[in-house]
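The values are calculated or read from the model by the stated rules, or taken from the named source; none is laboratory data. Worth saying up front: this structure is predicted, and the values here are computed from it rather than measured. Glycine gets a Cβ as well: all are built from the backbone with ideal geometry, and neighbour counts include every protein chain shown.
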Amino acid sequence: MIRLTSDEIGQYRVELADNPVALRALDMIEDCEGDLEDAAIALALQVGQEPDRSDDWLDGLAKRWRVFLCQTGVKDVLLTGSIAKVITLLASETAIPEILATPVVLYTIRVGLEDFCKPLQEKQ
């Protein structure tokens, strides 16, 4: 289980201040006491998705977008710490529901970008 602290949520609020959808996602994460998995499931239900399990659902969702998140340009932006740009790119250039882009990007960062992208590098 990945939990964000109140301080981390506050820092993300500052960085994402210009993105009202990301702020709504952060509100849900805060409502779920920082638990990214619980928040992602609640957000998915709000947009009409039906998560099939409650454990590791966010991991599976993030893996669906791994190719996008690990491509050179996007990965480089994430490595510089600019999550706002990556959330916007993920939401605008893929079919992910916009509200779920924030927990997916935060999850990717928390598990470690190198570890998250490693399976793609092994296939090359």
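Which of the residues spanning region 95-112 are without any contact (Cβ under 8 Å) to a residue 40 or more places away in the chain and within 13 Å of the chain's Cα centre (by Cα)? Can you show your working first?
Going through region 95-112, the residues without any contact (Cβ under 8 Å) to a residue 40 or more places away in the chain turn out to be 95-96, 105, 109, 112.
Scanning region 95-112 gives Ile96, Val105, Ile109, Gly112.
Could you check region 19-124 for helices (runs of 4 or more DSSP H) lying wholly inside it with 2 or more residues that are farther than 14 Å from Ile2 by Cα and of a type in the set (A, V, I, L, M, F, W, C)?
Details: elements: 20-31, 36-46, 57-64, 66-70, 72-79, 83-93, 98-111, 113-122.
Hits in region 19-124: 20-31, 36-46, 66-70, 72-79, 83-93, 98-111, 113-122.
Write out, first by first residue and then by second, each pair whose Cβ atoms fall under 6 Å of each other, whose residues are 6+ apart or on separate chains, and whose first residue, in region 30-45, is more than 13 Å from Ala62 (Cβ to Cβ) while the second is at pLDDT 95 or above and basic (Lys, Arg).
Within 6 Å, the pairs are Gly34/Arg3; Asp35/Arg3.
State all residues of region 87-103 that are of a type outside the set (S, T, N, Q) and out of contact with any Lys or Arg (no Cβ under 9 Å at 6 or more places or on another chain); if no residue qualifies, say none.
Ile87, Leu89, Leu90, Ala91, Glu93, Ala95, Pro97, Glu98, Leu100, Ala101, Pro103
Which one of the conditions (1) surrounded by fewer than 17 Cβ atoms within 10 Å (Cβ to Cβ); (2) at pLDDT 95 or above; (3) not small (Gly, Ala, Ser) does Asp56 fail to meet, given that it meets all the rest?
Only one criterion in (1) surrounded by fewer than 17 Cβ atoms within 10 Å (Cβ to Cβ); (2) at pLDDT 95 or above; (3) not small (Gly, Ala, Ser) is unmet by Asp56, namely (2).
Considering only residues that are of a type outside the set (S, T, N, Q) and assigned to a loop (DSSP other than H, G, I, E, B), look in region 4-18 and name the one that is surrounded by the fewest Cβ atoms within 10 Å (Cβ to Cβ).
That would be Asp18.
Need the failing condition index for Met1 against (1) modelled with pLDDT of 95 or more; (2) surrounded by fewer than 15 Cβ atoms within 10 Å (Cβ to Cβ); (3) of a type outside the set (S, T, N, Q), just the number.
Status for Met1: all satisfied but (1).
Just the residues that are of a type outside the set (A, V, I, L, M) and either closer than 16 Å to Ile109 by Cβ or surrounded by 17 or more Cβ atoms within 10 Å (Cβ to Cβ) (or both), please, taken from region 31-53.
Selection gives Cys32, Gly34, Asp35, Glu37, Asp38.
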